[in-house]
Each structure stands twice: as structure tokens, then as C-alpha cells.
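Notes follow once the structure below has been shown.
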Amino acid sequence: MDQATENMCKDSTSITSPAKDKNDPAKDQSGNGGASFSGKLLKNYFYNGSYKLLLIIIPILTTPYLARVLGKDKLGIDGYVLSVVTLVELFGALGINLYANREVAYVRDNKQKLTNLYYELQYIRLFLCGIVLAGFVGFSFFSQYKIFFLIHSLSLVGYFLDVTWLFIGLEEMKSPVIRNVIIKLLQTALVFILIRSRGDLYKYVLITASCTFVSSLCMYPYVGRYIGKVQKKQLNIKRHIKPVLLLFLPQAASSLYVQFDRTMIGLLASNISYVSIYDKAETIVKVPLQLTAATTAVMLPRISNEFVKGRIENIKQLVMKEIRYIFLFLIPMAFGLISIANHLTVWYLGSEYTESVSVVMLLTPTILTIGMGEVLGSQLMISFNKTKEMTLAFGLGAISNIILNSILIPRFNADGAAIATVIAEAMVLVIQWKTTREYIYTSKILASFIKKLIASLAMFAAIEQMDRMWHGGHVIFVIQIAAGGVIYLVLLLLMRDNELMEGIRLVSKKLRRRK
């Protein structure tokens, strides 16, 4: 074991030393190790990726409808209330979800240890739920949006009852994904059936909160497949307190600038509607990030399991491949979004949201910074127990974001919050990269980045030129997007881009098999 690995183990809050696997990782074909994307890993990514795709499609369908039916003022109230609820969930749960994902991955091969861990974490979650719920209900009575906060008590309870963390750690994504798909489809249908006027905001909030609660309850019938009987005398709840708190600090700092933006806009902007203007713009920008969120849900338990077995080289290979594929998709999406933001935003949200155009453009760089942060922070740093470094990164990001929000929001409203977010995310990414650079192949990743950047810039220039030449409607808009995509792929093909060529080979191989 090299010095870097030893240092990581010293920082560990839950294990003392990863046991190095005596077998050659390259020979592991079981799906539990190796640097390649195994069958189980691809299967889990398919399930989670399919669900994330659904999360992209549903807002595409519902957001324009809600923006026109409820309007920016009502959605501004919803965005503000939801931002507070999200902050309460995160701070109240003390960041236990990510900790649970990691710990389950560490002990999933031992049923008794897994059973003990499950009950220990469940008792902690129920205890926290009681405290948080009492405080939240009390707070609700002092708010002008009392009814909406009280309705969201349901989603708060659902958040603490959710056991998805168990299945993520086990790398068993099928059951939670099927559940989430059914609930999301039901929720979408209820929105279109029941939401008819601006007075229906309470119905929309009730639909959202109820579906969250029901979704959490639906997973309990599957728990018995993996969890056995427990002896309460064997439980040791206290052992989780310190590592949970250590992992909570970076998550809390992160949420201060991820979620607190909306809260600060609601408090500092000239009108509550700016919460919706910012929120809907961010919804558009974060659509591509569902791809990286899908990889994190799949890769975190795998990287954690590789780490505990001492397979650092496997982790390097997995991360390098993941980052290069992220570049393949996210770089052109970022440049493409900037080029079509003006047409897309107004067409998608309606003329009431013209102020969201500038917010979309300003937030676009976060597609790359957050995407990379998912890999370096949510996967590598959490798996390696780099909690101190994560706290530093997110802490500095949160402080800078809050200061900049305080200065910029009163003057520029939603645009000010967007500028603050971009600066904070960039700062966090720089620290994450410095912390994890010894575990990634920087030169190879940079070479991949340059190829995608060149192709994306050419695509951007072509779309801009077409926009100046043609001022058509939706048909021209679709042609621009299609032409930009073709230009990007052709240029990468000419440059013999590794990821594109590998994708072509995989598709060709599958087609030959079908024949």
C-alpha cells in the first residue's frame, strides 16, 4: 500500500485500514471489483440512468404548464417554501444519507453487520425526525406561508423514513427505481388533472408532499430481503455520531449555497417572484446534470467498496473513464444551452419569464463545475473519507456565496444570485481538484477536455451564425440544435476522440450480435 493510501486510511472515520485484495483486480469478473464497467455496474447505471432520464422528461412536461397556470408569483412562494424545507431536511438529518450509502457499501458482504448497521441508522433517523418535525411545525405557525409549510410536514417525515440509502449501498437499484418511476408518473398525472388555476397552489404542494411520503413507505416490503433479525444488545448507535457529524459539515456547507440561494432571494430580492425566475432558470440548466447525478448514485458504493479493498488503481481507471464521458456530454450541452437560451427559455416558460434568460446564461458554467464536483467530491472525497477537505471546500464556497448574495441580490435580484453561485462553484471545484489530483490522470483528462472544447466551440459558432442568418420559429430552432449536434460529433470523429470511438465500437458490436 502506497503512502497516499495510508494517509487516506488515517483520515478514515469509520474504518482503520482497507484490506488489500490478494487477487489481481484485472481478473475480477464478478462485478464486485475491477476497473472496467462490470455487468452489475452497467445494469445499475441503466436503472438509475433511466430514472434520471424520467426526471428530465417530467419537468420538461410539467414546468411550462405550471409556469402558465400558477404563474411566477405562486411558484415563487413554492420555491421559497421548498428551499426552507430542503435546508431543514439536510440540517435535521445531519447528512446521514451519504454516510449510510458509504457504510452499507463497506459491510454489505456480511449480513449480520449489515443488519446491525441498518437498525442503528434507522433509530438515529427516527430520533432526528421527531426533533426536526416538532421544531418545523412550531416554526410554520410564525410564517405567512403557514399552510404550505404544514403540508410539507408530510414530505419531511417521508424524507426521514426513506430507505433508498440501503439499496444504493447494496448496488441494488431496480426496486427503488421502479418505485420512484411509478410515484413520479402518478404525481405528474395528478398535476395535470388537479392543477387548473392560480388558486391551486395548495393542491400542488399537497401532491408533491404526499407523493414523497408514499414513495418512502413503498420500499419497506423489500427491506426483508437483505436485513435479518437483530439483537438489540449488539447495536452500537454511538459509534456513528462522530463520523455522521464529520460528513455532515461539508454537506451543510454545500447546501448553504445550493439551496440557500432561493431562501436569500425570497428574503432580499425586490419581489418573491424572483425566486421562481431563478428556480426555473436553474431547472433548465440542471437538466444535463441528471446524467452525473445518475453516475454518483451508482459509482459511490462501487468506489467505496474498491477503496475498502485497497484497489486504488481500479478507482483511478474508473474515475478517468467517468470524467471523460462527462466531458463528452456536458461540454457541448453547456455551449449549446448558451446559444439557444434566449429562444428556449421564453418558448419553454412563457413571456412572463423573460428575466430568466439572463439567469440561464449566467448559470451555464455550473453544468461543468457541478458535474466535475459530483465525481471529485460526491464520489472520490466521500469514498476516501476526505471529510476535512470537503468541509474546507464547501465551507469557503458557502461563505463566499452568502457574502456575494448579500451584496448582489439586492442590486441585481436573480442575476446576482446566479453570479454568486458560479463563483462559489468554481472555488469549490478548485479545492476538490487539488485534494484529489493524485488519484486522477490529469494529463489524460485534460487532453480529452481540449478535444471536446474545440468541437463545442465550433458547434457554438455555427449555431450563432445560423441564428444571425435565420430568424424563424420552432422549426429553425430544432434545425439549429440538430445541426450543432452533427457538427460536434463529426469534429470529434475527425479527431478520433477516444470516448466517441469506444461508443461507436460498442454500438457496432451489439448490432453484429443481433444479426
If a residue has to be part of a helix (DSSP H, G or I) and touching a Pro at 6+ places or on another chain (Cβ under 6 Å) to count, how many in region 308-345 make the cut?
4
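Conditions (1) modelled with pLDDT under 85; (2) surrounded by fewer than 23 Cβ atoms within 10 Å (Cβ to Cβ); (3) closer than 18 Å to Glu282 by Cβ; (4) outside the structural domain of Asn498 (by TED's automatic domain parsing), marked per residue:
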| residue | (1), (2), (3), (4) |
| --- | --- |
| Ile370 | no, no, yes, yes |
| Leu396 | no, yes, no, yes |
| Asn413 | no, yes, yes, yes |
| Met427 | no, yes, no, yes |
| Thr435 | no, yes, no, yes |
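Need at least 3 residues that are touching a residue at least 40 places away in the same chain (Cβ under 8 Å), over 20 Å from Glu322 (Cβ atoms) and of a type in the set (Ser, Thr, Tyr) per element, so show me which helices (runs of 4 or more DSSP H) inside region 377-492 make the cut, counting only ones lying wholly within it.
On the way: elements: 387-412, 414-436, 442-469.
Passing ranges, in order: 387-412.
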Out of all the residues in region 324-333, is one or more among the basic types (Lys, Arg) and under 20 Å from the mean Cα position of the chain (by Cα)?
yes
Index of the failed condition, Leu186 passing every other in (1) modelled with pLDDT under 90; (2) surrounded by fewer than 18 Cβ atoms within 10 Å (Cβ to Cβ); (3) under 24 Å from the mean Cα position of the chain (by Cα)
(1)
Those residues of region 199-246 which are buried (at least 16 other Cβ atoms within 10 Å of the Cβ), in contact with a Phe, Trp or Tyr (Cβ under 8 Å, 6 or more places away or on another chain) and under 19 Å from Val69 (Cβ atoms) amount to Leu201, Val205
Filter result for Leu217 (touching a helix residue (DSSP H, G or I) at 6+ places or on another chain (Cβ under 6 Å) and assigned by TED's automatic domain parsing to the domain that holds Val177):
no
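Would you say Lys113 is part of a helix (DSSP H, G or I), surrounded by fewer than 20 Cβ atoms within 10 Å (Cβ to Cβ), basic (Lys, Arg) and modelled with pLDDT of 85 or more? Reasoning before the result, please.
On the way: part of a helix (DSSP H, G or I): yes; surrounded by fewer than 20 Cβ atoms within 10 Å (Cβ to Cβ): yes; basic (Lys, Arg): yes; modelled with pLDDT of 85 or more: yes.
Yes: the conditions hold for Lys113.
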Any residue at all in region 169-179 that is surrounded by 19 or more Cβ atoms within 10 Å (Cβ to Cβ), at positive phi and in contact (Cβ under 8 Å) with a residue 24 or more places away in the chain?
yes
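Hey, among the residues in region 273-290 that are aliphatic (A, V, I, L, M) and farther than 15 Å from Thr366 by Cβ, which one's modelled with the highest pLDDT?
Let us first name the residues in region 273-290 that are aliphatic (A, V, I, L, M), namely 275, 277, 281, 284-285, 287, 289.
Then drop every residue that is not farther than 15 Å from Thr366 by Cβ, which leaves 275, 277.
On the way: Val275: 89, Ile277: 92.
Residue satisfying both the conditions and the ranking: Ile277.
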Run down Arg196, Arg225 and say which single residue is in a loop (DSSP other than H, G, I, E, B) and without any contact (Cβ under 8 Å) to a residue 60 or more places away in the chain.
Arg225
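Has region 88-95 got at least one residue that is in a helix (DSSP H, G or I) and more than 22 Å from Leu217 (Cβ to Cβ)? Don't jump to the end; show me each part of the working.
The initial filter retains those residues of region 88-95 that are in a helix (DSSP H, G or I), namely 88-93.
Going one step further and asking which of them are more than 22 Å from Leu217 (Cβ to Cβ), we end up with 91.
Yes, region 88-95 contains a residue that is in a helix (DSSP H, G or I) and more than 22 Å from Leu217 (Cβ to Cβ).
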Sole exception among (1) touching a Pro at 6+ places or on another chain (Cβ under 7 Å); (2) among the hydroxyl-bearing types (Ser, Thr, Tyr); (3) closer than 24 Å to Pro64 by Cβ for Thr164, by number
(3)
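The values are calculated or read from the model by the stated rules, or taken from the named source; none is laboratory data. These figures come from a predicted structure and were not determined experimentally. FYI the Cβ positions are ideal-geometry reconstructions off the backbone, even for glycines, and counts take in every protein chain you see.
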